[in-house]
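Asker: Here's a structure for you.
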Amino acid sequence: MFQLVFPMLMGICAVLIAVYTAVSIIRKPSGTARMVQVANYIHIGTKAYLNRQFRVISWFIPVLSAAIFLLFGWKATVTCVLGAMLSLLAAYFGMNMVVRSNVRTAYAASESSSRAFRIAFLGGSIMGLCVTGLSLVGLSLLSIPFEEPEALIGFGFGASLTALFAQVGGGIYTKAADIGADLVGKAEMNLPEDDPRNPAVIADLVGDNVGDCAGRGSDLFQSFSGDIITGMIIGLAFTDRYGWNAVLFPLLLQATGILASIVGISLVNQRRGLSPSKSLNIGLYTAATLCGVGSYFLSIWLLGDVTIFFSTLCGLTATLIALALAQYYTGTRGRPVRKIVEASQRGAAINIITGMAYGFQSSFIAILTILSALAISFLISGFSLYAIVAANIGTDLLIAFIMSSDTFGPIVDNADGINEMVGNHRAGDRLEVLDSVGNTMKASTKAYAMASGTITAFVFFITFFQMTGIKGLNVSQPFDLAAFFIGVALPYLVSSFTLGSTAKTALLMVDEVRRQLKETPGLLQGTVEPDYAKCVDISTKNALKEMMLPGLMGIAPPVIVGFIFGKEVLGAFLIGETASAAILAPFFSNVGAAFDNAKKIIEAGLFGGKGSETHKATIVGDIVGDSLKDVAGPSMLIFMKLVGMTALLIAPILR
């Protein structure tokens, strides 16, 4: 009984700490009347988007649930709805607190950098704790009446579906607004960042929240949940060796990760002589160490197998290496970004070519790191698939802390924007430093999500093979080979949809910003306020309309292939799709972040600084990279997991 009670209690504890933190942040001063006014614009825009998005998803889920009920019965239907609802709840509560934390961070920065840092990070921790806590509570509760782990697949499917809609919709929203603000405001009109005269500035700040916070939160919720579910299913095959503990081990291991992350979060504070980056690293490495210690005791106590501990450690190490690689390929001190900056002196075309070259290189090294972790785990365990499960969950143990650090970035970015719009330049330098740290953490979180999600996708098709009894594939069979290549090609098609949707929405945004700047007398002089709501409405409507097709692409192909051609052909399709998406995702993410930081180096004063030709070249590169790192990359990651979860959902019928 302890094996289920402890994870449930840890999940409840995480949610209660999140609620307590939320109450403590709300009690802090929210600043001047003008600060509150700007923050309300952001809050209203964010809430309007999320409410509309939830209405679309809540319309789609009942239709899908009816189909699931007819095909798979009431258990899969109940777990699917619960997975979707808990994912939405985590995103909604976390987002509400993010937009309440930004104005308080902005005001606190007027008095103290350390106080602003603490408020922003605690605001981010609410999202991190809600994502992991609600998932653990839901899965622990469902494990009591549904003894067979296969019944939980619906939970993962519901979470994956919500994540794809949230990430695609949020990504299209934020990048359309960002492109409108940058291309017209900065590149054409030479307006500063977050200038209140820019009509798209509020939509841009709202986009940071719905894309980077709600979207990423839903992504990590489904990664966290999916890894527990697949781990429990594979654990069924090892009950002869480890007993029923093989099934419950994933739940307990994730619970220790939450406990370690709570300790790490409590240690993050900007003390005297300690930079924000160092403070975050202290929390991160403390949490990682505690995760290692906890996994050792669980492996010995529950399973009596130390090789499972080493396998977990392989997964944990792979994510830390992924963070280091991201900092090298996307950080301002790394050689790739410096080379992009130098290339930008010769124009935007050379900027983009150089960035793409390093992006492809980073993708190869990322996949090599992941495969090494899987291979080492498999070898040291004596060729046990359960070791791969342990390595996979090892990549998730820091999710609560990583999500907290990631959400810290948009909070600080919004706070900086609020101060810029109200003219509070006294806090500007402090927030610029914190914003730079936040950008690094966002890039690192994407790398973390890529590493964790890729291993998750591998485990998905291993689980599918086990559930359906497939022993191997014969690639000389025409259908198997054709399915493999279609799987390889499909991620490119989905990427074209998401990028095309972003361009379509950005086109409307650019036209609207140009129209307002041209037709509104006194706007550039600052005597008239722009129509912020119009830009928010453009992003909202088009993002929700454009997110439907990529969502269907994650469900329809595996269902069609599986039901028409059978389980072996679907197995070949899954391998091709996973391999292709796993390489595309880190390329999109890293190249986009590198373009972004190259622009920031120029804006800091190098090679002529703001307004120079080099600066304009980096702005073009950044605009191209933004849609790659914030739309195509994250969407690709969620897409491959949704395809895998859909295959698991239909596996009992194919079997």
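Bear in mind these aren't lab numbers, they're just calculated from the coordinates by the rules spelled out. Values in this document were obtained by computation on a predicted structure and should not be read as measured data. Quick reminder, even Gly has a Cβ in these numbers, built from the backbone with ideal geometry, and neighbours come from all protein chains shown.
Asker: What would the Debye formula give as log10 I(q)/I(0) at q = 0.14 Å⁻¹ for the alpha-carbon point model of segment 276-360, no solvent?
Answerer: Calculated log10 I(q)/I(0) at the listed q: -0.66.
Asker: Here is a follow-up. Starting from 0.36 nm per residue, how many nanometres of slack lie between Ile144 and Ser112 once their C-alpha separation is accounted for?
Answerer: 6.7 nm
Asker: So what's the Cα pair-distance distribution over the chain, bin width 20 Å, in %?
Answerer: 21, 56, 22, 1
Asker: Also, I was wondering about something else. Among Pro196, Val422, Leu606, whose Cα sits farthest toward the positive end of the charge dipole of segment 2-654 (+1 at Cβ of Lys/Arg, -1 at Cβ of Asp/Glu, about the Cα centre)?
Answerer: Val422
Asker: Separate question: Around Ser218, what is the net charge, scoring Lys/Arg as +1 and Asp/Glu as -1 over all other residues with Cβ under 13 Å from its Cβ?
Answerer: Combined, the nearby Lys, Arg, Asp and Glu give -1.
Asker: Then there's this: Which FRET efficiency, nearest 0.05, do Ile26 and Gln477 yield, Cβ-Cβ r, R0 60 Å?
Answerer: It comes out at approximately 0.45.
Asker: Mind running the shape call on segment 233-382? Use the C-alpha gyration tensor, a ≥ b ≥ c as the square roots of the eigenvalues: rounded below 1.5 for a/c, prolate if a/b tops b/c, oblate otherwise.
Answerer: In terms of gyration-tensor shape, oblate.
Asker: Cα-based Rg of segment 43-163 per 2.2 N^0.38 Å, rounded to two decimals?
Answerer: 1.31
Asker: Next up: Rounded to whole Å and sorted largest first, list the principal axis extents of the Cα atoms in segment 18-103.
Answerer: Computed over segment 18-103, the largest-to-smallest principal extents equal 56, 26, 10 Å.
Asker: Related question: Return the Cα extents of segment 221-299 along principal axes one, two and three, sorted largest first, each rounded to a whole Å.
Answerer: In descending order, the Cα extents are 54, 26, 13 Å.
Asker: Provide the packing ranking of 582-592, 453-463, 495-505, i.e. peptides ordered by the mean count of other C-beta atoms within 10 Å per residue, highest first.
Answerer: The densest-packed peptide leads the list: 582-592, 453-463, 495-505.
Asker: Report the dimensions of segment 496-617 along its three principal axes from the alpha-carbon atoms, largest first, rounded to Å.
Answerer: Largest to smallest, the principal-axis extents are 66, 36, 15 Å.
Asker: Here's something else I'd like to know. Which value at 222 nm does the chain reach when only helices count, each DSSP H run of 4 or more adding -39,500 (n - 2.57), with the total divided by all residues and rounded to the nearest 500 deg cm²/dmol? Don't skip to the answer; put the middle values down first.
Answerer: Working: 23 runs with 528 residues, N = 655.
When only DSSP H runs of four or more count, the value is -28500 deg cm²/dmol.
Asker: Using 7 Å Cα-to-Cβ label points, what is the Leu71/Leu4 separation (nm, one decimal)?
Answerer: 2.8
Asker: Averaged over all directions, how much area does the convex hull of the C-alpha atoms of segment 438-536 cover when projected, in nm²?
Answerer: 11.1
Asker: Moving on to the next point. Mind checking which lysines have their Cα closer than 24 Å to the Cα of Lys567? Skip sequence neighbours fewer than 8 apart in that chain.
Answerer: Excluding near neighbours in sequence, the set is Lys75, Lys471, Lys641.
Asker: Then there is this: Would you work out which of Ile172, Ala322, Ser160 lies farthest towards the positive end of the dipole of the chain? Charges go on Cβ: Lys and Arg +1, Asp and Glu -1.
Answerer: It is Ala322, whose Cα lies furthest towards the positive end.
Asker: Right, another one. Just how large is the dipole of the chain about the Cα centre, in debye to the nearest 20, putting +1 at every Lys and Arg Cβ and -1 at every Asp and Glu Cβ?
Answerer: 680
Asker: Please go through the residue pairs Lys518/Lys541; Lys278/Lys610; Lys47/Lys610; Lys278/Lys545 and name each one whose alpha carbons sit more than 32 Å apart in this structure.
Answerer: Lys47/Lys610; Lys278/Lys545
Asker: Among all the aspartates and glutamates, which ones have a C-alpha under 20 Å from Lys534's C-alpha, if same-chain residues fewer than 8 places away are not counted?
Answerer: Asp178, Asp182, Glu193, Asp194, Asp195, Asp204, Asp208, Asp511, Glu512, Glu519, Glu546
Asker: Let me ask something else. Starting from the 7 Å offset along Cα-to-Cβ, what nm value, one decimal, do you get for the label separation of Ser277 and Phe563?
Answerer: 5.3
Asker: Measure out, as a whole number of angstrom, how far apart the alpha-carbon centroids of segment 473-512 and segment 619-636 sit.
Answerer: 16
Asker: If we sort 359-370, 398-409 on the protection proxy, mean other Cβ atoms within 10 Å, highest first, what's the order?
Answerer: Ranking the peptides 359-370, 398-409 by packing returns 398-409, 359-370.
Asker: Just to be sure I follow: if Rg is taken over the C-alpha atoms of segment 595-655 and Rh is the Kirkwood radius over the same atoms, what is Rg/Rh? Mind showing how you got there, number by number?
Answerer: Details: Rg = 20.1 Å, Rh = 14.1 Å.
When Rh is taken as the Kirkwood radius, the ratio is 1.43.
Asker: Report the far tail of the P(r) of segment 491-562, meaning the percent of Cα-Cα pairs longer than 21 Å.
Answerer: Percentage above 21 Å: 45.
Asker: Report the local net charge at Gly128: Lys and Arg +1, Asp and Glu -1, summed over other residues whose C-beta lies under 14 Å from its C-beta.
Answerer: Once all neighbours under 14 Å are counted, the net charge is -2.
Asker: Let me ask something else. If contacts are Cα pairs under 8 angstrom and at least 6 residues apart, what is the relative contact order of segment 2-654 in percent?
Answerer: Details: 1236 pairs, mean separation 139.9, N = 653.
It comes to 21 percent, rounded to a whole number.
Asker: Can you find, among Val81, Leu431, Ser114, the residue farthest towards the positive end of the dipole of the chain? Put +1 on the C-beta of Lys and Arg, -1 on that of Asp and Glu.
Answerer: Farthest along the dipole direction, towards plus: Ser114.
Asker: Which whole-number value in Å³ per residue fits the convex hull of the alpha carbons of segment 537-599?
Answerer: Once divided by residue count, the hull of segment 537-599 is 76 Å³.
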